[in-house]
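> Before I ask anything, here is the structure I am working with.
All of the numbers you see were taken from the coordinates with simple rules; none came from a lab. As the structure is a prediction and not an experimental result, all values here were calculated from the model. Positions of Cβ are backbone-derived with ideal geometry, glycine not excepted, and every protein chain shown enters the neighbour counts.
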Amino acid sequence: MTPSFRSKAPAALAALILFAAGGACADPLKIRIGHGPSAEDNLWLMKDHPELGTNQGKAYTLEFTLFRGSEPRFKAYQADDIDLSTGSAASMMFAASKGVPLKMIGSISMDSSKGFETPYAVKADGPIKTLADLKGKTLGINGYKSDTELTERRAVLKAGLDPDKDVKFTVIGFPSQGTAVRSGLIDLAVLPLPFGYIEMKQGGLRQLFNASEISGEDDYLEMLMASPDYINKHRDVLKLFLADFISTTKWYTAHLHEAREYLLKSQMVLLKPEEFLDAPDFYHDPAVKPDIKILERQQAVELEFHFQDTKVNIADIVDTTLTP
């Protein structure tokens, strides 16, 4: 099925770009995207369904590479092995504070009351009943200086505990965290989609809190970034790519069940249909455009918790001119 809301303007712009580049026979720009394992389904849909936009295959093509963690993804980005990278807003602001040249160009997903709220879960029959009971416990995270660690530190502080002295943090992949809590390897798991829905249905776990309960605000989860040089060289093509991403995100949200069938068929998601098709979903902002005020608020929290030593001007690391 193709979306009914296509605009002819992006297609016309694509034709102009190809003509300016040397005629209609010019090769499309190959955009290499490094992506993660969670909360990016609307972006993944572009891989095998270019018809949801109007410019893929004409102005650009896409090459997707999966990275299980943010650290190898950033290394690939800095080595120029990928052109665009997904990642958490927190990790991107931290990288920018360390001098990594980047621009956040689009929002992929958000932790919001408008959608799935990531649960932080403990053993259902265990002794942890309140945040204060986390004292002396081991908390699972997917990476240091990550959104998950920041949320857990805020939760620990909210309980009147010291996150540097009263708890320990252990890096474990999202798919293994539920099992790690049940086996006693860790005491708290963070369970984003699709793992959160599966693990909570399986049983043996109880939600202690969710991310929005700790922040009290809508926060960015996954973002898209590119280097300033890449943007300068390919600005017009990136506008077309993001126009297609917006169209794909709108179609994805409106046809969630069908979109998920596509993702299973293409093996971008390796889950059983019963675990995925009817699961809840994160909120995806249909405009895609990054909100500087939200990012400034998120950075203020990072500075407060010493995730960043140096404050960056958010307007300098965001490009809102690429989206309509």
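> Let me see the P(r) profile for the stretch 78-178: every Cα-Cα distance counted, bins of 10 Å, each bin given as a percent of all pairs.
Cα pair-distance distribution for the stretch 78-178, in percent: 12, 37, 33, 14, 3.
> What pairs from LYS58/LYS98; LYS30/LYS311; LYS30/LYS103; LYS75/LYS129; LYS30/LYS75; LYS168/LYS272 go past 29 Å between their alpha carbons? Spell out each step's value before the answer.
Details: LYS58/LYS98 37 Å; LYS30/LYS311 34 Å; LYS30/LYS103 19 Å; LYS75/LYS129 40 Å; LYS30/LYS75 20 Å; LYS168/LYS272 34 Å.
Distance filter (> 29 Å) returns LYS58/LYS98; LYS30/LYS311; LYS75/LYS129; LYS168/LYS272.
> Please turn the phi angles of the stretch 224-240 into ³J(HN,Hα) values with the Karplus equation 6.51 cos²θ - 1.76 cosθ + 1.60 (θ = phi - 60°), one per residue in order, whole Hz, x for glycine and proline.
With the stated coefficients, the stretch 224-240 comes to 10, 9, 9, 7, x, 5, 5, 5, 4, 6, 10, 4, 5, 5, 5, 4, 5 Hz.
> A further question follows. Mean 1/r over all different Cα pairs, inverted: what Kirkwood radius does the stretch 37-127 give, in Å?
15.8 Å
> Okay, next question. What span do the alpha-carbon atoms of the chain cover on each of the three principal axes, reported in whole Å from largest to smallest?
For the chain, the Cα spread along each principal axis is 68, 45, 30 Å.
> For THR61 and ASP27 in one chain, what is 0.36 nm times their gap in residues minus the Cα-Cα distance, to one decimal in nm?
Details: separation 34, 0.36 × 34 = 12.24 nm, distance 0.94 nm.
Here the answer is 11.3 nm.
> What number results when the radius of gyration of the stretch 248-291, computed over Cα atoms, is divided by 2.2 N^0.38 Å?
1.24
> Continuing with this model, one more query. What residues have an amide H closer than 5 Å to that of ILE31, excluding those fewer than 5 places away on the same chain, when H is modeled at 1.01 Å from N in the peptide plane?
Counting only residues 5 or more places away or on other chains, the set is THR61, LEU62, GLU63.
> Using a simple charge model, +1 on the beta-carbon of Lys and Arg, -1 on the beta-carbon of Asp and Glu, nothing else, what dipole does the chain show about its Cα centre, in debye to the nearest 20?
Value, rounded to 20: 180 debye.
> Follow-up. Ignoring everything except DSSP H segments at least 4 long, calculate the 222 nm mean residue ellipticity for the chain; use -39,500 (n - 2.57) per segment, divide by total residues, nearest 500.
It lands at -12000 deg cm²/dmol.
> Could you pull out every one of the lysines with an alpha carbon less than 17 Å from that of LYS265, ignoring same-chain neighbours closer than 8 positions?
Within the straight-line cut-off, LYS265 pairs with LYS47.
> Hey, another quick one. D for the stretch 119-215, whole µm²/s, Stokes-Einstein with Kirkwood Rh over alpha-carbon pairs at 25 °C and 0.890 mPa s: what number?
Rounded, D is 190 µm²/s.
> Rounded to the nearest angstrom and ordered from largest down, what semi-axes does the equivalent ellipsoid of the stretch 262-324 get from its C-alpha gyration tensor (root of 5λ)? Provide the component values of the computation, followed by the final result.
Numbers: eigenvalues 228, 60, 23 Å².
Taking √(5λ) for each Cα gyration eigenvalue gives 34, 17, 11 Å.
> Pick out which of ALA79, ALA124, ALA180 has the largest mean-square fluctuation in a Gaussian network model of the chain, springs linking Cα atoms closer than 10 Å.
ALA79
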